[in-house]
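**Student:** One structure follows; several queries about it will come next.
The values are calculated or read from the model by the stated rules, or taken from the named source; none is laboratory data. Note that this is a predicted model, so its numbers are computed, not measured. All Cβ positions, glycine included, derive from the backbone under ideal geometry; neighbour counts span all protein chains shown.
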Amino acid sequence: MTTVGVISDTHGWLSEQAYAALADCDHIIHAGDICNPRILRDLRTLAPVTAVLGNNDFMEYSADVKRFAHPTIEGVKFLVAHYPHDVDLSSGRNAALSAGDPIPDVCIHGHTHMPRLEYGKKARPAQYIVNPGSVSLPRGRNPESVAKIEIANGAVQQIRIESLDGEILMSVG
């Protein structure tokens with residue numbers, strides 16, 4: 001089983017509790033608004049990191065941190081962007097994918113600071129849309145949170161969004 005941790009909207013702050021919440025992850029995805037290169041350095045001490053730029057980020061990171069990322073982890077295809085509209089594939093007019101690109105299994109975004117987990121018809125043509133919420137500035141009375149995606153045999157087995165205290169806020173699988 002491979003665990004992918006998902007974090008977003010750190011806004012320059014990675015608490016010890018947020019760091020600890022990702023300690024069991026085999027790969028970490030940061031969905032933008034990093035706001036300090038130190039955060040990616042710290043996360044890379046835990047696992048390989050895929051990150052994208054948010055609206056508060058500048059070109060101060062490595063060359064592989066861009067507006068979109070398309071990692072494949074253990075056979076599962078991801079699309080990572082900061083803005084929700086960039087992972088909405090249903091319109092057919094999306095800057096994150098070009099004609100002929102494979103449809104991602106999991107679309108990940110940040111920006112809203114509010115957890116989101118959609119699947120089935122709401123996520124089509126992808127299988128899942130995930131926003132981990134924010135570990136620094138949560139909104140809508142939500143706690144600070146991260147997402148964890150469990151992958152085995154080339155497929156998503158479970159996705160859960162959990163508070164930094166370990167309470168499961170949303171899950172599927």
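**Student:** List every residue pair whose Cβ atoms sit under 8 Å apart, with the two residues 6 or more apart in sequence or on different chains, where the first one lies in the stretch 37-48 and is crowded, with 16+ Cβ neighbours inside 10 Å and the second, anywhere, is of a type in the set (Asp, Glu) and outside any helix (DSSP H, G or I).
**Tutor:** Going by the 8 Å Cβ cut-off, the qualifying pairs are Ala47/Asp26.
**Student:** For the structure I just gave you, tell me whether Phe78 is in contact with a Pro (Cβ under 7 Å, 6 or more places away or on another chain), among the hydrophobic types (A, V, I, L, M, F, W, C) and at pLDDT 95 or above. Don't jump to the end; show me each part of the working.
**Tutor:** Details: in contact with a Pro (Cβ under 7 Å, 6 or more places away or on another chain): yes; among the hydrophobic types (A, V, I, L, M, F, W, C): yes; at pLDDT 95 or above: yes.
Against the criterion (in contact with a Pro (Cβ under 7 Å, 6 or more places away or on another chain), among the hydrophobic types (A, V, I, L, M, F, W, C) and at pLDDT 95 or above), Phe78 qualifies.
**Student:** Hey, Ser134 hits all of (1) surrounded by 17 or more Cβ atoms within 10 Å (Cβ to Cβ); (2) of a type outside the set (Asp, Glu); (3) at pLDDT 95 or above; (4) farther than 17 Å from Ala18 by Cβ but one; which does it fall short on?
**Tutor:** Single failed check for Ser134: (4).
**Student:** Mind checking whether some residue in the stretch 158-165 is polar (S, T, N, Q) and closer than 15 Å to Val4 by Cβ? First the steps, then the outcome.
**Tutor:** Step one: list which residues in the stretch 158-165 are polar (S, T, N, Q), which gives 158, 163.
This time we only want the ones that are closer than 15 Å to Val4 by Cβ, so: 158.
Yes, that holds for at least one residue.
**Student:** Let me ask something else. Take the stretch 68-84 and flag every residue that is touching an Asp or Glu at 6+ places or on another chain (Cβ under 8 Å) and part of a loop (DSSP other than H, G, I, E, B).
**Tutor:** Within the stretch 68-84, His70, His82 meet the criteria.
**Student:** Being among the charged types (D, E, K, R) and either under 14 Å from the mean Cα position of the chain (by Cα) or closer than 21 Å to Leu22 by Cα (or both) is the filter here, so list the residues in the stretch 140-173 that pass it.
**Tutor:** Within the stretch 140-173, Glu144, Lys148, Glu150, Arg160, Glu162, Asp165, Glu167 qualify.
**Student:** Out of the stretch 99-130, which residues are in contact with an Asp or Glu (Cβ under 9 Å, 6 or more places away or on another chain), part of a strand (DSSP E or B) and either modelled with pLDDT under 95 or within 16 Å of Gln158 (Cβ to Cβ) (or both)?
**Tutor:** The answer is Tyr128, Ile129, Val130.
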